[in-house]
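Since the structure comes first, as structure tokens, the remarks are kept for the end.
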């Protein structure tokens, strides 16, 4: 085939931007040069070598996702914890046609309920949305309380995250309201979107709930016998979100390796169980540009879920000072740091490194916790440095504040701390980890070097992509504009790849989608 083309690279790129029109690949008979036209009929001396129908952003994933959840796009805004995925963020996302989840993790039940009421009052036209249910191994009663809250408020979608095993709380939520349709299929009232990063955890959500948990729930009247029997016939979740390298809790897995592994596991279990309803696999983590979103759909994702980039949106619960720090991040400006909720287990979260000392200081606390049995056993020099550099107060003062908090939230923690000095040390050190994220959300000016901002490499990629456009300015980063640009750009990039398979010499510029204001 001749290297000559009918159109210039600029013309081809412009043609590929028109994703909502049919594309025809034409070949000039005289020299086999390739080109693109939007006319269904060739002109003299040309023949149609191929045709592509319109490609809408709504069609990028599995359309059953939109049908099941009642949204316009196969796109989710993830539940960044501590209300960073705020009520305004959920409301704006729902109005843009995407599915958003309120970031309930780390908040008190009363605060969660107040935000649920805010969202419900604003979204009165049936716009779909959901909230987060995070695994709380140290506070199982909190998990149960949040499920009670969701059932009472008829929240019919939850993003289940950070689960290492199946708990009665998530099973109760999923089983409640199950019933048989006239065609014999099991109909769900409540839907669990399970966010996972390991095959062994994915398997637990792909299988029906454990019989032991169902039996216990039925015996105490938490679910009916009929609900328990129906739950045995279906997977715990019909939407599995594969989370690769992301902000916050992460296993730092690459999406290109993790996604096909989980998809293969899904197929294996679905075949063995004889499921009649398909299980959708979505993609999350590392999605900071239209190209990365397009790559997730190319892997077979039914939907995508974004996280860190929404933290930088003006509607998020992160302070303006925190969003300005995110706007300066590059792809390498992240670090792993001890997690507040699973500190004693050694679990880590991915956070912003640039502009903050949080990761370094949090690691110092964990190292001290591992090296010493109690606050009293800390060497004098170590204790002095921790109090002056990190806590900025005597540890006795920190323990008094910590004890007061846990007496309100879970008195059993105080009882345990009184018996176990090492646990008391952990609770004091967790004071700093928990406060650090709240300082970032509040924009506390005296603690900017202690801001804990969950962040993955996707933020740096987003900043590079947004440079020179209206999205470079943090004040213009609206969650709806981010979502629409990602989807439109992913459609353009997918279109360019489709045309390339016809043999058209598609220029590199066709795979570059710059941010534009979209409605």
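The values are calculated or read from the model by the stated rules, or taken from the named source; none is laboratory data. Computed from a prediction, not measured in an experiment: that's the story for all the values here. Counting neighbours? That spans all protein chains shown, and the Cβs are built from the backbone with ideal geometry, glycine included.
Restricting attention to region 428-440 and to residues that are in contact with a helix residue (DSSP H, G or I) (Cβ under 7 Å, 6 or more places away or on another chain) and in contact (Cβ under 8 Å) with a residue 60 or more places away in the chain, the residue that is surrounded by the most Cβ atoms within 10 Å (Cβ to Cβ) turns out to be 440. When the test is whether a residue is closer than 15 Å to residue 311 by Cβ, assigned to a helix (DSSP H, G or I) and in contact with a helix residue (DSSP H, G or I) (Cβ under 8 Å, 6 or more places away or on another chain), residue 425 does not pass it. Tell me yes or no: at least one residue of region 31-42 is in contact with a helix residue (DSSP H, G or I) (Cβ under 8 Å, 6 or more places away or on another chain), at pLDDT 80 or above and part of a loop (DSSP other than H, G, I, E, B). No: region 31-42 contains no residue that is in contact with a helix residue (DSSP H, G or I) (Cβ under 8 Å, 6 or more places away or on another chain), at pLDDT 80 or above and part of a loop (DSSP other than H, G, I, E, B). In region 73-88 there is at least one residue matching the filter, namely being under 34 Å from the mean Cα position of the chain (by Cα), part of a helix (DSSP H, G or I) and at pLDDT 95 or above. Only one entry of 325, 365 meets the criterion of being more than 20 Å from the chain's Cα centre (by Cα), farther than 30 Å from residue 137 by Cα and not assigned by TED's automatic domain parsing to the domain that holds residue 79, and that entry is 325.
Each row is one residue, and each column tells you yes or no for (1) in contact with a helix residue (DSSP H, G or I) (Cβ under 8 Å, 6 or more places away or on another chain); (2) surrounded by 23 or more Cβ atoms within 10 Å (Cβ to Cβ); (3) closer than 26 Å to residue 57 by Cβ; (4) in the same structural domain as residue 196 (by TED's automatic domain parsing).
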| position | (1), (2), (3), (4) |
| --- | --- |
| 90 | yes, yes, yes, yes |
| 102 | yes, yes, yes, yes |
| 106 | yes, no, no, yes |
| 128 | yes, no, yes, yes |
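Candidates in region 197-216 are the residues that are part of a loop (DSSP other than H, G, I, E, B) and out of contact with any strand residue (DSSP E or B) (no Cβ under 8 Å at 6 or more places or on another chain); of these, the one that is farthest from residue 277 (Cα to Cα) is 198. For residue 238, are the conditions met, namely being within 18 Å of the chain's Cα centre (by Cα) and crowded, with 20+ Cβ neighbours inside 10 Å? Judged against the criteria, residue 238 is a match.
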